[in-house]
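Handing you this structure, nothing more for now.
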Amino acid sequence: AQTIHQWPVAEIKAVGSPLSLGCTIKGKSSPNLYWYWQATGGTLQQLFYSITVGQVESVVQLNLSASRPKDDQFILSTEKLLLSHSGFYLCAWSPGLGGPDTQYFGPGTRLLVL
Amino acid sequence: GDQVEQSPSALSLHEGTDSALRCNFTTTMRSVQWFRQNSRGSLISLFYLASGTKENGRLKSAFDSKERRYSTLHIRDAQLEDSGTYFCAAEVPGYQNFYFGKGTSLTVIP
């Protein structure tokens with residue numbers, strides 16, 4: 001069975017500080033990977049997606065960047081946090097390789113920027 | 001503008017009653033997925049549809065197969081555990097781009 005893990009569970013960071021959030025998928029090779037952001041009480045906004053190692057496409061940047069250093073790992077980062085980065089970050093995967101794009105979400109990371 | 005319009009934004013149901021949620025899309029979509037988000041933020045997939053209808057217990061979803069511009073989620077015999085926020089997410093054809101509705105906050109009342 002596939003599992004998706006996100007780290008950290010929660011973070012409190014200062015404005016201007018760097019950030020790195022991680023996502024790992026186990027039990028599925030070559031998945032499509034996605035990053036989403038959700039403001040408190042809001043909807044989900046897709047940030048990035050990746051269909052293969054080393055390739056990341058931006059949908060909405062929000063002064064963030066993403067990388068896929070391994071087949072099972074997706075990283076979201078920034079060098080300088082803004083107050084507007086606060087929210088809930090969700091990683092998701094789908095089977096890829098022409099299959100249905102059913103998305104499965106991780107537990108998320110809550111970020112508070114002060 | 002918003003690609004997905006979800007309605008209603010909030011809904012209160014008495015236990016045992018039925019209701020429907022709807023998502024309208026401003027353009028033709030490839031597929032739609034429905035989720036329920038619980039109080040901890042976990043998103044649980046309910047249905048994925050590329051066309052037609054699917055049913056699972058008291059839940060049933062449909063995706064307009066002709067113009068692919070709307071989807072519905074029907075809840076039958078609502079139970080307390082159905083409470084939560086429901087989202088639809090639609091996929092734009094040809095891209096790995098997904099647009100979420102603004103959600104429906106459902107409260108089931110005893």
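The values are calculated or read from the model by the stated rules, or taken from the named source; none is laboratory data. The structure displayed is predicted, hence computed values, not measured ones. Every residue, glycine among them, receives a Cβ derived from its backbone with ideal geometry; neighbour counts consider all protein chains shown. What goes into the accessible areas is simple: the full protein's heavy atoms, side chains included, and nothing from ligands, DNA or RNA. Shrake-Rupley method; radii C 1.70, N 1.55, O 1.52, S 1.80 Å.
Using protein chains only and a probe of 1.4 angstrom, how many square angstrom of A:Leu97 are accessible, to the nearest 10?
We get 150 Å² for A:Leu97.
With only Lys, Arg, Asp and Glu charged, each at its Cβ (+1 for the first two, -1 for the last two), find how big the charge dipole of the protein assembly as shown is about the Cα centre; round to the nearest 20 debye.
In total the dipole reaches around 200 debye.
How much net charge surrounds B:Leu21 when only the other residues with a Cβ under 14 Å from the Cβ of B:Leu21 are counted, with Lys and Arg +1 and Asp and Glu -1?
In short, +3.
Now for a separate question. With springs only between Cα atoms under 10 Å, which of B:Glu15, B:Glu67, B:Glu91 fluctuates most in a Gaussian network model of chain B?
Highest fluctuation among the options: B:Glu67.
A plus B alone minus the pair: what accessible area, both sides summed, probe 1.4 Å, in Å² to 100?
Answer for the A-B pair: about 1600 Å² buried.
At B:Gln79 and A:Gln73, where each label point lies 7 Å from the Cα along Cα→Cβ, what is the point-to-point distance in nanometres?
Those two pseudo-labels are separated by 4.1 nm.
Pairs on different chains or at least eight residues apart, Cα atoms closer than 23 Å: how many lysine pairs in the protein assembly as shown fit?
6
Quick one: compute a quarter of the convex hull surface over the Cα atoms of chain B and quote it in nm².
Across all orientations, chain B yields a mean hull projection of 6.6 nm².
Leaving out ligands, DNA and RNA, what percent of the accessible area of the range B:4-105 is carbon and sulfur, probe 1.4 Å?
Ligands and nucleic acids excluded, carbon and sulfur reach 45 percent.
Give a residue-ordered list of calculated ³J(HN,Hα) values for the range B:60-70 (Karplus: 6.51 cos²θ - 1.76 cosθ + 1.60, θ = phi - 60°; whole Hz; x for Gly, Pro).
Going residue by residue, I get 9, 10, 9, 10, 3, 7, 7, 9, 6, 10, 7 Hz, with x marking Gly and Pro.
Could you state, as a whole-number percent, how many of the C-alpha pairs of the range A:66-114 are farther apart than 19 Å?
Above the 19 Å cut-off, the range A:66-114 has 40 percent of its Cα pairs.
Would you mind listing how long the protein assembly as shown runs along its three principal axes, going by Cα atoms, in whole Å with the largest first?
50, 38, 38
Can you give me the accessible area per residue for the protein assembly as shown, using a 1.4 Å probe, in Å²?
48 Å²
Rounded to whole Å, give me the distance from the Cα center of the range B:43-86 to that of the range A:1-65.
Each part reduced to its Cα centre gives a spacing of 26 Å.
Which is farthest toward the positive dipole end of the protein assembly as shown among A:Thr24, A:Gly42, A:Ser58, measuring Cα position about the Cα centre, with Cβ charges +1 (Lys, Arg) and -1 (Asp, Glu)?
Selected residue: A:Thr24.
Which number comes out as Rg/Rh for chain A once both Rg and the Kirkwood Rh are worked out on C-alpha atoms?
Using only Cα positions, Rg/Rh for chain A is 0.96.
Two decimals is fine: what's Rg over Rh for the range B:64-107, C-alpha atoms, Kirkwood radius as Rh?
1.06
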